[in-house]
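Heads up: the structure comes next, in structure tokens.
The values are calculated or read from the model by the stated rules, or taken from the named source; none is laboratory data. What you are looking at is a predicted structure, and each value in this text was computed from that prediction instead of being measured. When we count neighbours, we look across all protein chains shown, and the Cβ atoms used for this are built from the backbone with ideal geometry, even at glycine. With ligands, DNA and RNA removed, areas are computed over all heavy atoms of the protein, side chains included. Shrake-Rupley method; radii C 1.70, N 1.55, O 1.52, S 1.80 Å.
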Amino acid sequence: MKKSTIWTIAIIMGVSFLALLFLQFSYVEEMVKMKKEQFDESVYRSLYQASRNLEMNETARYLEKDINETERRAFTQDSVIVDGLGSITHSHQFSVAADDGTIYSSFQVKALKMKPASVPKAMIMRKDKNSLADATKSMQELVRQRYVYQKALLDEVVYNILYTASEKPLKERVNFRMLDKDIRVELMNNGINIPYHFTVSTADGREVYRCPDYSEKGQEYSYTQDLFRSPAQSKIGGVVKIHFPEMNSYIFSSVRFMIPSIIFTIVLLITFLFTIVVVFRQKRYTEIKNDFINNMTHELKTPIASISLAAQMMNDESIPKTEQMTKHLGSVIADESKRLRFLVEKVLQMSMFDKRSIVFKKKELDLNEMVENIAQTFNLRVEHTGGKIYTEIEAVESAIFVDEVHFQNAITNLLDNAVKYRKPDEPIDIYIRTWNDHEKLFLSIRDTGMGIKKENLRKVFEKFYRVHTGNKHDVKGFGLGLAYVKKVIDLHQGEIKAESEVGKGTKFTISLPILKEDNE
């Protein structure tokens, strides 16, 4: 599959997953917003009703008090009259008068008994009025007087509330326990059954009451309601302020069912991204594998062809076999066989590293001495290009505990790469330096070759990776050299890093722990 096709599918799927997540989060946000609005409306409605109940209770108290006082001012009068015919008239008169003597209500009940054993008949009538018309007229007057009385009574209650109760301290006007009960009942009636905390304050902000279990948690979302507001005077008797410590949990409980779907969507998105990464990685590995097979085929064909040609010449009877020719053909076969064995061993070494089946034979060595010996060995190859190897041996504590063969191979590979990737038709100079700090021993190898591009520099230690050299195909190799070097350094508890600039050269720096009393 083409890379562009994979990218197209990945982008479409990725956008789809992100759009799905966006819709889910938008839905959750709208649900939370709606639930919050419903919650606010229910709380304000509950507080308003609780404040109305408080005002009605106060009105009822003053009305009961006024009625009791009025009843204490009322008077009654009973009389019994017996006429000559044996009829008995029993009358009961009830009157209510104001402080100035004005009578608001007066009515009389008479019971007439023709004979003591007969059932009495009651009738309501004005005194000294016996006709039906007079009785009706008397009843109308009684109702009017009762209305005037009730109106005066209510006017007195309203007057007391406006001018007497409003001057009282808020503590005396509010029954805080009853207010708490009313708030709880009204909240439950509106579907809210979660803990709340409240305070009652005066109009100027002085707190007069705080519930016993009050806490500051959740105070950022608070609700207020005025108490005993007087519309005529725009005066507020007090303010009740309420907040809910568990309000967020209550609101988000309505969207909990969405959490699993969001989690599953995120898991699917992560799995999809991981799958895409694996696909691209496998595609890259496939390309590297194909490149490796091509390189390996080319590398192996050269020594095989040389050995085959030498063998044919030795077997060809038409070619005269002199001692010198035989010796030359034997040398070619030996050299190409050695080269072929070296290539095969290189692949086998990486295979052993991958399987972690390689065994190091470590011993104590001197890094300074090893560097000088390797430099002398490579000096001829470098001088053949017109360049030179420069060594700066500055390490004081240069003892290392390593596998001699593999560690020498690692340094040799770095020098070999420096010679391979030199600038065409230009000499190559190599600078080798060793030095110490308090904890580590360092070795750096710097060359003046072609250099490596920044985007390629982070991949040079990957197995089978080879830096592209344009149309140049004269640089041989499998892309295993630097991967082998990094494996060897890592297995010796060291670190290697590369620095490079195109056209100026490359520098590899190896850091190793200073040798301690440790026999691994």
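May I ask which of Lys420/Lys459; Lys289/Lys487; Lys454/Lys507; Lys423/Lys486; Lys36/Lys241 have a Cα-Cα span longer than 22 Å here?
Over 22 Å Cα-Cα: Lys423/Lys486.
Could I have the simple spin-label model distance between Glu55 and Ala399, label points 7 Å from Cα toward Cβ, reported in nm to one decimal?
Reported label-point gap for Glu55 and Ala399 is 9.6 nm.
With a 1.4 Å probe and every protein chain left in place, tell me how much accessible area Lys507 has, in Å² to the nearest 10.
Answer for Lys507: close to 70 Å² accessible.
Across every pair of different alpha-carbon atoms, what Kirkwood hydrodynamic radius in Å does region 381-435 reach?
12.7
Let's test the formula: R0 of 22 Å, r as the Cβ-Cβ distance of Lys168 and Arg210. What FRET efficiency results, to the nearest 0.05?
Approximately 0.60, to the nearest 0.05.
In nanometres, what is the gap between the two model label sites at Trp7 and Glu287, each 7 Å from Cα along Cα-to-Cβ?
If labels sit at Trp7 and Glu287, their model points lie 1.1 nm apart.
Once Lys and Arg get +1 and Asp and Glu get -1 on their Cβ, which of Val15, Phe39, Ser4 lies farthest toward the positive end of the dipole of region 1-40?
Comparing the listed Cα positions along the dipole, Ser4 ranks first.
Using alpha-carbon positions, what is the distance between the centroids of region 381-455 and region 239-288, in Å?
50
Grab the beta carbon distance between Thr377 and Trp435, set R0 = 30 Å, and tell me the FRET efficiency rounded to 0.05.
Efficiency, rounded to the nearest 0.05: 0.85.
For Lys388, Lys361, Lys338, Lys283, give me the order by solvent-accessible area with a 1.4 Å probe, most accessible first, ignoring ligands, DNA and RNA.
Accessible-area ranking of Lys388, Lys361, Lys338, Lys283, largest first: Lys361, Lys338, Lys388, Lys283.
Could you state how much accessible area Thr271 has, in square angstrom rounded to the nearest 10, with a 1.4 Å probe and all protein chains kept in place?
70
Quick one: with all protein chains in place, what share of the accessible area of region 372-424 is carbon or sulfur, to the nearest percent (1.4 Å probe)?
Carbon with sulfur: 47 percent of the solvent-accessible area.
Report the extension gain between Ala311 and Glu495 in nm, rounded to one decimal, defined as 0.36 nm multiplied by the number of residues separating them, less their alpha carbon distance.
Additional length available on full extension: 61.6 nm.
Collect residues whose amide H, placed 1.01 Å from N in the peptide plane, falls under 5 Å from the amide H of Glu501; neighbours closer than 5 in sequence don't count.
Ile452
Solvent-accessible area of Trp7, probe 1.4 Å, all protein chains present, reported in Å² to the nearest ten, please.
Probe radius 1.4 Å; accessible area of Trp7 about 130 Å².
Ordering Leu268, Leu365 from largest to smallest accessible area (1.4 angstrom probe), what's the sequence?
If we order Leu268, Leu365 from most to least accessible, we get Leu268, Leu365.
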